[in-house]
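Let me begin by presenting the structure, written as structure tokens, before commenting on it.
The values are calculated or read from the model by the stated rules, or taken from the named source; none is laboratory data. Keep in mind that what you see is a predicted model, and the values were worked out from it rather than measured. Using ideal geometry, Cβ is built from the backbone for each residue, glycine included, and neighbour counts are taken over all protein chains shown. When the accessible area is computed, the model is the full protein with side chains, heavy atoms only, and any ligands, DNA or RNA have been set aside. Shrake-Rupley method; radii C 1.70, N 1.55, O 1.52, S 1.80 Å.
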Amino acid sequence: MEENVLNKSIEKDEALSAIPLSERQHWLTPAMIFGGLEFTIPVLMVGAMLTASFGLTSIFWILAIALFVFQWVGNAICGYIGAKTGLSSSVIARTGFGSTQAKVIVALTIFVVSTCWWALQTAVASNAISAMVGIDYKTQWFTWAIVTVVIGLIFALPSIIGYSSMKWTDYLAVPSGLLLIVAGIYLSLKNTGWETIVSWSPKPTMTFLAAVSLIIGVNVSQWVISADYTRYAKPNVKDNILIPLGIIGVGFPLFYVGAIMSVGVGSADIVQVMVKLGFPFWGFLILWLATWTSQLVNNYSMGLALANLLNVNSGKGRALLTFLGTLLAIGIALAGILDYFMDFLYMTALIYPAIAGVIFVDFFFLRNQQWVDNPGWNWMATIALVVGTLFGYYTQYVNPFGLPAVQSLIVTGVTYYVCMRMKARIVPDRFTPDQWKESGYSAGSSESV
């Protein structure tokens, strides 16, 4: 009986097909999954990093601007597109990018970045479990590697089974993770003291906007992959405005607790912070459980992207590809991705906004909120993607100013719109919206849903 239920869960969760309206769920389900996505060790780590430059009052405003202004809007827009079409993010991209480019660039990007995020968090969770059982993860590599493989496979199991399995894991893990927040505050007050925490005022080593950009960098992938989960939500505006509450409701206190815990400890390694604060056994266990929730999301998106890349639509095919991607991610974790954590955050903050810029503009300003499966490769989208990414790189590394991720999205979107307008006047093709065509050009084999 249980085996039949498992098989049905796997088979029903197809990668490329739209989720029928009859299977859409209450907005709380994807919101809870988003909350699980945000309950992640890197969020605590970035919160800890901020204390090297800012006091708690400044950190409050950094989080408020990054999460309530930018993150909420980006998630809501992408989430609405997922709910409206019922499709995953890499499939939605076929309209503007073309099916070939959506596989080569968009699906591959999502696969690589989601895999690396998963590997990063698995490595940190392995550090926490190792510390919990007395293994020195800095010197006892082989033992640490065994722990990493075991917890990595456990992390992956619900995402291999599919969406229905993931939501129950999040319903259990997110409330448990709240205990970690309470314990972190309590032990920080006990060991560091309230006066030290509230009077903390270090000499800044980064600007206010750079800090906002860092927070956005942790979450910017959601501007693209949100659709992977809201495709199970109802296609109305209200629900998709409410769904990002999962991100904000968990992210804001978790970033803040990461900062509070690190005051006086002087480290962004959250495992070492917990050790120095004297976290008990159950604290590390909850950290692992909370990490599981975000791991599910990364792993599931990775599997969907790989399925689109290889044109695999069956539920069993998606499950197999998710498992194979998991093995690759475990290998990356063992290779030491933590050494490149900051560079990785900044890299994702450049790539994802550019992809989102094309998808957002194409869906709302070109297609009248309709999805079209356009075959081939849209070079106008390529040009916009390159321009937006280069602009983001310039404002991030060459001449730092503003919010590179946000600027990259805007520049990409504007460039894409202008390029598509110019092409419509010169040589319209299947990517040109019907209302822009000045001739009787037929979209050929395109299919609209």
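Restricting the search to the stretch 367-395, which residues are over 20 Å from the mean Cα position of the chain (by Cα) and polar (S, T, N, Q)?
Matches in the stretch 367-395: Asn368, Gln369, Gln370, Asn374, Asn378, Thr382, Thr395.
Here is a list of conditions, (1) touching a helix residue (DSSP H, G or I) at 6+ places or on another chain (Cβ under 6 Å); (2) open to solvent by less than 70 Å² (accessible area, probe 1.4 Å); (3) within 19 Å of Ser99 (Cβ to Cβ), and Leu403 meets all of them except one; can you say which number that is?
(3)
Test each condition in (1) crowded, with 20+ Cβ neighbours inside 10 Å; (2) at pLDDT below 85 for Arg231 and report the one that comes out false.
Here Arg231 clears every test but (2).
If you scan the stretch 130-163, which residues turn out to be at pLDDT below 80 and crowded, with 17+ Cβ neighbours inside 10 Å?
Ala131, Met132, Tyr137, Pro158, Ser159, Ile160, Ile161, Gly162, Tyr163
Taking only the stretch 416-432 into account, find how many residues are open to solvent by less than 30 Å² (accessible area, probe 1.4 Å) and assigned to a helix (DSSP H, G or I).
Residues meeting the conditions: 4.
So Ser53 fits all but one of (1) buried (at least 20 other Cβ atoms within 10 Å of the Cβ); (2) in a loop (DSSP other than H, G, I, E, B); (3) at pLDDT 90 or above; what number is the exception?
That leaves (1) as the condition not met.
If the Cβ limit is 7 Å and pairs must be 6+ apart or interchain, which residue in the stretch 90-117 that is on the phi < 0 side of the Ramachandran plot pairs with which residue that is of a type in the set (Asp, Glu) and crowded, with 21+ Cβ neighbours inside 10 Å?
Once the first residue is on the phi < 0 side of the Ramachandran plot and sits in the stretch 90-117, its partners that are of a type in the set (Asp, Glu) and crowded, with 21+ Cβ neighbours inside 10 Å give Thr95/Asp362; Gly96/Asp362.
Of the residues that make up the stretch 242-250, is at least one more than 29 Å from Cys116 (Cα to Cα) and among the aliphatic types (A, V, I, L, M)? So that I can check it myself, show each step before the final result.
First pass over the stretch 242-250, keeping only residues more than 29 Å from Cys116 (Cα to Cα): none.
Checked the stretch 242-250: no residue is more than 29 Å from Cys116 (Cα to Cα) and among the aliphatic types (A, V, I, L, M).
For the stretch 263-357, which helices (runs of 4 or more DSSP H) that fit wholly inside it have 2 or more residues that are at pLDDT below 80?
Details: elements: 270-277, 281-309, 315-335.
So the answer is 270-277, 281-309.
If you scan the stretch 200-222, which residues turn out to be open to solvent by 50 Å² or more (accessible area, probe 1.4 Å) and either out of contact with any Leu (no Cβ under 9 Å at 6 or more places or on another chain) or not aliphatic (A, V, I, L, M) (or both)? Give the derivation first.
Narrowing the stretch 200-222 to residues open to solvent by 50 Å² or more (accessible area, probe 1.4 Å): 200-201, 203-205, 207-209.
Those that are open to solvent by 50 Å² or more (accessible area, probe 1.4 Å) and either out of contact with any Leu (no Cβ under 9 Å at 6 or more places or on another chain) or not aliphatic (A, V, I, L, M) (or both): Trp200, Ser201, Lys203, Pro204, Thr205, Thr207, Phe208.
Hey, any hits in the stretch 328-351 for a residue that's out of contact with any Ser or Thr (no Cβ under 9 Å at 6 or more places or on another chain) and more than 30 Å from Gly47 (Cβ to Cβ)?
No, every residue in the stretch 328-351 fails to be out of contact with any Ser or Thr (no Cβ under 9 Å at 6 or more places or on another chain) and more than 30 Å from Gly47 (Cβ to Cβ).
Find all pairs meeting these conditions: Cβ atoms under 7 angstrom apart; at least six residues apart or on different chains; first residue within the stretch 222-251 and of a type outside the set (Val, Ile, Thr); second residue open to solvent by 10 Å² or more (accessible area, probe 1.4 Å) and in a strand (DSSP E or B).
From residues that are of a type outside the set (Val, Ile, Thr), the pairs are Tyr232/Gln25; Ala233/Gln25.
When the stretch 277-328 is examined, which residues are found to be open to solvent by 10 Å² or more (accessible area, probe 1.4 Å) and hydroxyl-bearing (Ser, Thr, Tyr)?
Listed by number, the list holds a single entry, Ser314.
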